[in-house]
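Structure first, then comments.
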Amino acid sequence: MASKYVPPGARARQEQPQVASQHSSSRRDPSTPTATSRALTGTGSTGSRGGGGSLGRGQPSSSISSSGFRMARGEVGRKPSEMEMLASPSRGDGGSDAASLKDPKVQARFRAHISDKLVKFHAAFPDRSPEGVAIPSSTKRREELSIILLDFRKLREGLTAIRRVDGFTAEVYETSVRYAIAAENWSQLAACLPHLLSTALSSLTLASPLPPRPPLPPTHALFLGLYLTYLTIHLSDLPSFHSVLHSSLPSPPNPLPPPLALSHAFYSALLTSNHLSLSRLLAPAFTPPPSPNPLSTEKEDERLQLAIVLGALPRLRHQVWEPIARSYKVFTDLEWLAKVLLFPPGNEGEDAVKAFLDPPSPVAPLPSALSVGRSRTVATKVAAAIASSATVIGIYGVDFQEATFLAALRVLHPRPQVAIFGGGYDDDEAARAEKVFAKFWEDIGKEEGEMKTVFVRVKVGTLEGGGPGAIVSFIEGEIKKAFA
């Protein structure tokens, strides 16, 4: 049986955990994955026109991101600590629980390790300046927080593997939820909330069919409200609102506790398409909260729920705008549009509406080009000169190597749609290269559909006759003709 729930502030780290089985098979942290920083920092964001911003759903990439390189550089030469070397329980631990996250003592040490990282994180990324001004969330801040969230996930896997349910487990899940919202990591939030409510807080007596019915504990009301808002806003799952509410509270109290009342207000506004009501509910998000720290309890239910809603604003705006755009009426009241499109009040909101209605034209990505030449010096200068027409990668050598050329076409990402063949090679080598290039794209076209490509052969004597400028003009002309 689970131990009695104790609020986070009163929990002792040395509490003895209740463990169903310390030799259970490893399990993954249960998951149901299906302009937030503003509510946490009070800095605000007018948003942009585009799709929703769920994290972790991007297309796979064959290249390493610049952020990945940046974080990796900081680790070079540093010896990892014992806690950092702990394997995730879902990946196996050699059959021994003695030094793994399936050991409650190791779990406590690992939680302390995460706390140390959080202290350093808040020191490096303060929520406010010395003058008390809120500091906007940055890419670097979210990257570092995402790494900490991975540690929390690893710890949750260990708790799940041994079916541990106690105050320690509840604290881990509660803190995971708060920082998942701070990081706008909705997949982590979706993984934590259902398990927190159904398991980690399941020892609470939520409702009794016989009077007197005990009041709903504030902690459970908070996280139930967050889950209901997540379902309503991010998953647009309006039908599940009442089923989830009544499964947790067979006889919901009247009036509802503040967190549930707020989530019900969001639900009602979306159910009735009352976007002005939704705008009024969001108004506090556009002013600095008393404390932006994820662990602060000041107006916590409002602050965290607003953060969840702000994370879905781009999608919500487009849902609102679609019927307005289809109507015959021309709307010129920017103040009204700012309200219904959920932008901040005042001039900031009106400017955001103008940007939303007249977004900048998208810039087509430059084609990737593979340059093959004998002279690295000439080819480098040419590549720099045509940088506005193509992104160039070069292969340089005295002799043309057909196998090397084909290998480069196969491994480069994005695939080179332009092949630039230098004038230092003879016509026979150029013909072979063009044949390889054509065959490569013919095979690609069979699988992925046809794409625009061009083989640019710089003729022998072009450099001598007109200098590098003649080569640049010729190459740019051929690329523009192919991709016009």
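The values are calculated or read from the model by the stated rules, or taken from the named source; none is laboratory data. It should be emphasised that the depicted structure is a prediction, and the values quoted were computed from it without experimental measurement. Glycine also receives a Cβ, built like all others from the backbone with ideal geometry; neighbour counts cover every protein chain displayed. All accessible areas refer to the heavy atoms of the entire protein, side chains included, with ligands and DNA or RNA removed. Shrake-Rupley method; radii C 1.70, N 1.55, O 1.52, S 1.80 Å.
Go through segment 168-187 and give me each residue that's at pLDDT below 90 and open to solvent by 10 Å² or more (accessible area, probe 1.4 Å).
Answer for segment 168-187, where residues must be at pLDDT below 90 and open to solvent by 10 Å² or more (accessible area, probe 1.4 Å): GLU184, ASN185, SER187.
Looking at segment 391-425, which of the residues that are of a type outside the set (S, T, N, Q), outside any helix (DSSP H, G or I) and more than 19 Å from ARG376 (Cβ to Cβ) is farthest from the chain's Cα centre (by Cα)?
Only one residue tops the list, namely ARG415.
If you take just the helices (runs of 4 or more DSSP H) that sit entirely in segment 48-167, which of them hold at least 1 residues that are modelled with pLDDT under 60 and of a type in the set (S, T, N, Q)?
Output list reads 66-73.
A quick yes/no check of all residues on (1) modelled with pLDDT of 85 or more; (2) closer than 30 Å to ALA285 by Cα:
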residue	(1), (2)
GLU350	no, yes
ALA355	no, yes
PRO360	no, yes
VAL363	no, no
SER371	yes, no
ARG374	yes, no
THR380	no, no
ILE386	yes, no
ALA390	yes, no
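Determine which member of the set LYS459, LYS452, LYS480 is in a helix (DSSP H, G or I) and open to solvent by 50 Å² or more (accessible area, probe 1.4 Å).
Every option except LYS480 fails the conditions.
Is it the case that segment 308-315 has a residue that's modelled with pLDDT of 85 or more, open to solvent by less than 40 Å² (accessible area, probe 1.4 Å), under 18 Å from LEU278 (Cβ atoms) and assigned to a loop (DSSP other than H, G, I, E, B)?
Yes: one or more hits.
Quick check on segment 403-418. Is at least one of its residues more than 20 Å from GLU478 (Cβ to Cβ), surrounded by fewer than 17 Cβ atoms within 10 Å (Cβ to Cβ) and small (Gly, Ala, Ser)?
Yes, the conditions are met somewhere in segment 403-418.
When segment 370-384 is examined, which residues are found to be of a type outside the set (A, V, I, L, M) and within 39 Å of the chain's Cα centre (by Cα)?
Passing the criteria: SER371, THR380, LYS381.
Counting residues that are charged (D, E, K, R), out of contact with any helix residue (DSSP H, G or I) (no Cβ under 7 Å at 6 or more places or on another chain) and over 20 Å from HIS195 (Cα atoms), which helices (runs of 4 or more DSSP H) fully inside segment 228-290 reach at least 2?
Hits in segment 228-290: none.
Name the pairs: first residue in segment 468-480 and aromatic (Phe, Trp, Tyr), second residue modelled with pLDDT of 90 or more, Cβ to Cβ under 9 Å, at least 6 apart or on different chains?
PHE474/VAL456
Would you tally the residues in segment 361-390 being open to solvent by 20 Å² or more (accessible area, probe 1.4 Å) and part of a loop (DSSP other than H, G, I, E, B)?
10
Between a residue in segment 386-410 that is on the phi < 0 side of the Ramachandran plot and any residue that is β-branched (Val, Ile, Thr) and assigned to a loop (DSSP other than H, G, I, E, B), which pairs come within a Cβ distance under 7 Å, given they are 6 or more apart or on different chains?
As it stands, the answer is VAL392/ILE386, since those pairs meet every condition given.
Mind counting the residues in segment 234-271 that are open to solvent by 60 Å² or more (accessible area, probe 1.4 Å) and over 18 Å from ALA312 (Cα atoms)?
The qualifying residues number 9.
Given the residues ILE420, ILE479, ILE444, which is the only one that is modelled with pLDDT of 90 or more and over 16 Å from ARG374 (Cα atoms)?
Going through ILE420, ILE479, ILE444 in turn, just one is modelled with pLDDT of 90 or more and over 16 Å from ARG374 (Cα atoms): ILE479.
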